[in-house]
1. Checking Glu245 against (1) in contact (Cβ under 8 Å) with a residue 60 or more places away in the chain; (2) in a helix (DSSP H, G or I), only one condition comes out false. Which one?
2. Being of a type in the set (Gly, Ala, Ser), out of contact with any Pro (no Cβ under 6 Å at 6 or more places or on another chain) and modelled with pLDDT of 95 or more is the requirement here; does Ala234 meet it?
3. State the number of residues belonging to segment 75-116 that are without any contact (Cβ under 8 Å) to a residue 12 or more places away in the chain and either in a helix (DSSP H, G or I) or farther than 17 Å from Ala138 by Cβ (or both).
4. If I ask for residues that are among the basic types (Lys, Arg), modelled with pLDDT under 90 and buried (at least 20 other Cβ atoms within 10 Å of the Cβ), which ones from segment 244-299 would you list?
5. Just to check your reading of the model, which residue among Arg66, Arg72 is assigned to a loop (DSSP other than H, G, I, E, B) and either touching a Leu at 6+ places or on another chain (Cβ under 7 Å) or at positive phi (or both)?
6. Within segment 65-88, is there a residue that is buried (at least 17 other Cβ atoms within 10 Å of the Cβ), of a type outside the set (A, V, I, L, M, F, W, C) and in contact with a strand residue (DSSP E or B) (Cβ under 8 Å, 6 or more places away or on another chain)?
7. For segment 96-136, how many residues are closer than 18 Å to Phe56 by Cβ and surrounded by fewer than 17 Cβ atoms within 10 Å (Cβ to Cβ)?
8. Could you please let me know if Ala204 is out of contact with any helix residue (DSSP H, G or I) (no Cβ under 7 Å at 6 or more places or on another chain), of a type in the set (A, V, I, L, M, F, W, C) and at pLDDT below 75?
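The values are calculated or read from the model by the stated rules, or taken from the named source; none is laboratory data. Fair warning: this is a prediction, and the values are worked out from it, not measured in the lab. Here Cβ is always computed from backbone atoms with ideal geometry, including for glycine, and neighbour counts include all displayed protein chains.
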Amino acid sequence: MNRPTGGFGRNYLKTAMLMAFLIAILAIGGQMVGGTGGMLLFGAIGLVFNFLSYWFSDRIALMAHRARPVTREQLPDVYEIVERLTRKAGIPMPAVYVIPSPTPNAFATGRNPSHSAVAVTEGILSILDRRQLEGVLAHELSHVRNRDVLIATIAAAVAGLIASLGHMIQWGAILGGFGGRSDDDRGGNVFAALAWALLAPIIAMIVQLAVSRSREFGADASGAELTGDPDALADALLSLERGNEVRPYAYGGPATAHLFIVNPFRGAGGKMLQLFSTHPPIEARVERLRQMRRGVRYA
């Protein structure tokens, strides 16, 4: 099956640029701590963080949300939909899990398409019709096919490393590190180090969340292409948003919010708070899906 074009491709370019920006922030901080050696050291630490997160993140996520595996006999409709969509997408059949929560939601996880899982809550099975459920599962399988779990894991690991590096730089500046050849040089170095240490972690978090939002737009577009029915996913998103407001989610925590199709821990807020959201506004996602149905390509 051909991959979607237009806005979908631009989402990938945007994600690549954001990831490159995160790496650049990390490299600058490492160089401030220890020159070229510090930059290489933190690059190596980042690789280790990424490897561990990538390898174990699926099991951690499923355990955190008390997901339990289910058989074809227990959820025949879900299995039938997932099997049909995976054949169409050209990926292996993932494991299927159920989360014992009345909050309607779903997520996908796994280090690659051959080691993946799709988890749905009991709540989503009770409020969505078959057409809407297919739209949601196509969205989640698109995350698997597009390897979005890997992208999100790397972004989170690098952002976390930048935050840790920021604390080290703060202490180094306070204890008299980053000295120069003169008092003026030393003062300038300390000021620059403190500015980086305070601002870089905030910028890294904003970029990490922007990566997450970009991948949600991409999975919406890819999932709608997979089913050929953008309105089904749009209608499902509106129902899930209302369902999460009525029945707040009780498991896990904000650290895994980016996995879900809608943010289960979203609070009310304006445009400024949207910078710190793991998901784009539902209204924007629905509008893009409606545009897909009308054949409109978005920027």
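1. (1)
2. yes
3. Of the residues in segment 75-116, 5 are without any contact (Cβ under 8 Å) to a residue 12 or more places away in the chain and either in a helix (DSSP H, G or I) or farther than 17 Å from Ala138 by Cβ (or both).
4. Of everything in segment 244-299, just one residue is among the basic types (Lys, Arg), modelled with pLDDT under 90 and buried (at least 20 other Cβ atoms within 10 Å of the Cβ), namely Arg266.
5. Just one listed residue meets the conditions, Arg66.
6. Yes, the conditions are met somewhere in segment 65-88.
7. The qualifying residues number 3.
8. So Ala204 does not fit the description; no.
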